[in-house]
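The values are calculated or read from the model by the stated rules, or taken from the named source; none is laboratory data. Treat the numbers as computed from the prediction; the structure is a model and nothing was measured. Note: ideal-geometry Cβ built from the backbone for every residue, glycine included; neighbour counts use all protein chains shown. Each accessible area value is taken on the protein alone, full model and side chains, heavy atoms only, with ligands, DNA and RNA left out. Shrake-Rupley method; radii C 1.70, N 1.55, O 1.52, S 1.80 Å.
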Amino acid sequence: MSRAPLEGYDLIGDVHGCGATLAALLERLGYHQRGGVYRHPRRKVIFLGDLIDRGPRIRLAVTIARRMVEEGEALIVMGNHEINALAYHHRAPAELGREWLREHTPRHNRIVRETLEQYRDHPQEWDETLAWFLDIPLFLELDGLRVVHACWDQSRIDELRASRPDGRIDLDFLTAAVRHGTREFEILDRLTRGSHITLPEGVQIQSGDGFTRRSFRAHFWAHRPRTWGDVVFQPDNLPGDLELRPLSAAEAERLTYYGPDEPPLFIGHYWCEGIPALPAPNIACLDYSAVKFGRLVAYRWNGEARLDADRFVWVRVPREEQARPQPWEIDFD
């Protein structure tokens, strides 16, 4: 049976293991299961990465997304949490002087803990999931829109495209990327984690996700920013009067700029809060802290060059999601 012409894409932000809420959002968007896969007669999904970690239904979230991608019902870009999982589970070469590409520190253990617990009795499925992660591109550039997990940095994307036109990495690239200062590190860090500005000595942020941070996340759509407050993009406030602190020349030089004449861009990563809004007329951030009982957010894109906040669709994440099986849960076996 032939498929109807594609009407548009539904872009979905960071799921972080809220698998039952993902199923509810897909149903709200008009997707229904056929043959164990969520499908829409005229639309496709684009996942913005960070399917795993922290949430109560990680296997369900990954299974829904993976089956949709493999059946041609969805596309996906890599998030920093998928990168972290790959590095956490692959051994480092001897010259690195450690056992794993991502060291098994208490902080790193804590980030991946829920994922490992939920896959503990399914080791083959976890191995297959890691292999699938490695096949996910870092960015997508389609007709009329762009997608990346954290930051569209054209120079780094062009550099990646020169050797990897499809935007996919491999274990050699990942191994090189764990060394600070390498070309691979700079590409992976910027596209999946964005820009950070280091806080002054002795200053730190007690973040809402339970971590202590010594830097803050900076956005990339301010034209000629002058102060830290012009670029900070996270729910945690900067301590004291640091929003008034002038950007140094070195800090400003490291920032990327995505101008208003560029194609519509969709990102996740920044754990926004509240009612979804557009930070710029051509940029939508779709990470609204689902795993912290916020909102799992989608944007229904129909080809428009100027984005419209009325096209956001979301489902609030219930605190009781992990308490009982859901009627839409997919059979894994």
Inset, instruction - Loop only per DSSP, at most 15 neighbouring Cβ atoms within 10 Å: give me the GluC sites (Glu not before Pro) in the stretch 130-235, ordered by residue number. - result: Glu201
Inset, instruction - Give the residue from Thr212, Leu199, Ala177 lying farthest towards the positive end of the charge dipole for the stretch 169-232; charges sit on Cβ (+1 for Lys and Arg, -1 for Asp and Glu) and the dipole is referred to the Cα centre. - result: Leu199
Legend entry - Convex hull volume of the stretch 243-291 per residue (C-alpha atoms, cubic angstrom): 124
Legend entry - Loop-resident sites, the stretch 235-280, for chymotrypsin sites (Phe, Trp or Tyr not before Pro), counting at most 16 other Cβ within 10 Å (DSSP): Tyr257
Inset, instruction - Specify the inter-centroid distance of the stretch 275-299 and the stretch 90-160, based on alpha-carbon positions, in whole Å. - result: 22
Legend entry - Per-residue ³J(HN,Hα) for the stretch 133-143, Karplus 6.51 cos²θ - 1.76 cosθ + 1.60, θ = phi - 60°, Hz, x for Gly and Pro: 3, 5, 9, 8, x, 7, 8, 9, 10, 10, 6
Legend entry - Average accessible surface area per residue within the chain, 1.4 Å rolling probe, Å²: 46
Legend entry - the stretch 189-204 - phi-based ³J(HN,Hα) in whole Hz, Karplus 6.51/-1.76/1.60, Gly and Pro as x: 5, 5, 6, 9, 10, x, 9, 10, 10, 6, 6, x, 3, x, 9, 8
Legend entry - Descending Cα extents along the principal axes, the stretch 84-152, whole Å: 43, 33, 21
Legend entry - For the chain, diffusion coefficient by Stokes-Einstein and Kirkwood Rh (Cα), 4 °C, 1.567 mPa s, µm²/s: 63
Legend entry - Kirkwood Rh, angstrom, the stretch 178-285 [1 / mean 1/r, Cα pairs]: 15.1
Legend entry - Rg over Rh [alpha-carbon atoms, Kirkwood Rh] for the stretch 1-62: 1.00
Legend entry - Derived scalar couplings ³J(HN,Hα) [the stretch 241-254; Karplus, 6.51 cos²θ - 1.76 cosθ + 1.60; whole Hz; x for Gly, Pro]: 9, 5, 4, 8, 5, x, 5, 6, 4, 5, 5, 5, 5, 7
Inset, instruction - Classify the stretch 222-266 as rounded, prolate or oblate, taking a ≥ b ≥ c as the square roots of the eigenvalues of its Cα gyration tensor: rounded when a/c is under 1.5, otherwise prolate if a/b is larger than b/c and oblate if not. - result: oblate
Legend entry - Alpha-carbon radius of gyration plus Dmax, which is the widest Cα pair, for the stretch 64-109 in Å: 14.7, 43
